Amino acid sequence: MANYAIGDVQGCFNELLGLLDRINFDPTEDHLWFVGDLINRGPESLRTLEFIYQMKESCNLVLGNHDMHFLAIAEGLRRPFKNDTLQELLESEKLTIYIKWLRCQSLLHYEKIDCEVGTKVYLMTHAGIPPHWSWLDALEASQEIKETLSSDNLHIEYLKNIYGNLPAKSETNLNRLDRLRLNTNYLTRMRFCKVDGELELKIKGTIDDKPKGFKAWFDHPLSIQNENLHIIFGHWAALEGKTGISNITSVDTGCVWGYKLTAFRLEDSRVFSYDRIN
């Protein structure tokens, strides 16, 4: 049995099949960890989501910003962007099933894994963990979002109010919707921030493009970090899968942008990739 973290698929269905063939994936034995952004911008969002849904017993997944965008569109709360590739999915006869399933997913997953070097705790989010969060902060934030998104009574209000760049950092007096928006931004959109968690969400380039006073979130000392914790994230294709930190792994290698789809095997840290099919 092996566990593989898979980078942002974004509807690149054929590349996902090619990557799974390359790692000799066996759904009866192996487990896939999807870092979010399963759909959108790539050519086959519907087939990708159908496939992952059919394999859901062999998968862990967290939601990314494109998955949240899809949910908001499906609920009539946002309009599709020009480059979105969601129409076929939105017209699917199983749309209601897929919406309900995605709404029940988390923005954070963690698990103990027996590795070649001993037991590690792997923690997966789409964008990362802000420097000032403790374990309790991360668990409470992700649980509040999951409970709200999965609630038939609360999810519309949540999806309607999560868009925006403010508040930029944690404050003790934030109201519930502001707190949910901020924590959603941390887990699904973050790239650059300050050590106190103040976000800069407008810059999307490489680490060298960091605004004055900001760093990549993983270049700060992380309150959550310990020697047995390994963080996995996606979202930031410009990193090309490189963080320079052995226990923080980026698996988004820009498949939807013409590069490759990546799998990271948790047990031995081996990396596999499959080039984009033109």
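Just so you know, all these numbers are worked out from the coordinates, no wet-lab data involved. Quick caveat, the model's predicted, so the values are computed rather than measured. So basically every Cβ, Gly included, is an ideal-geometry build from the backbone, and we count neighbours across all protein chains shown.
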* Asked: Out of (1) assigned to a loop (DSSP other than H, G, I, E, B); (2) touching a helix residue (DSSP H, G or I) at 6+ places or on another chain (Cβ under 8 Å); (3) under 20 Å from GLY18 (Cα atoms); (4) not basic (Lys, Arg), the odd one out for THR243 is which?
  -> (3)
* State which residue is farthest from TRP236 (Cα to Cα) when the search covers only the range 184-204 and only residues that are in contact (Cβ under 8 Å) with a residue 60 or more places away in the chain and in a helix (DSSP H, G or I). => THR184
* Asked: Restricting the range 257-276 to residues that are surrounded by fewer than 22 Cβ atoms within 10 Å (Cβ to Cβ) and of a type in the set (Gly, Ala, Ser), which is nearest to ILE232 (Cα to Cα)?
  -> SER269
* Are any residues in the range 1-16 without any contact (Cβ under 8 Å) to a residue 60 or more places away in the chain and either surrounded by fewer than 16 Cβ atoms within 10 Å (Cβ to Cβ) or more than 19 Å from PRO43 (Cβ to Cβ) (or both), and if so, which ones? -> MET1
* To do: Inspect all residues belonging to the range 42-54 and state whether any of them is under 20 Å from THR188 (Cα atoms), among the hydrophobic types (A, V, I, L, M, F, W, C) and outside any helix (DSSP H, G or I).
  => no
* Structure fact -> The residue from TYR122, TYR110 that alone is crowded, with 21+ Cβ neighbours inside 10 Å and out of contact with any Gly (no Cβ under 8 Å at 6 or more places or on another chain) is TYR122
* Asked: In the range 82-122, what count of residues is obtained for those that are in contact with a helix residue (DSSP H, G or I) (Cβ under 8 Å, 6 or more places away or on another chain) and touching a residue at least 60 places away in the same chain (Cβ under 8 Å)?
  -> 3
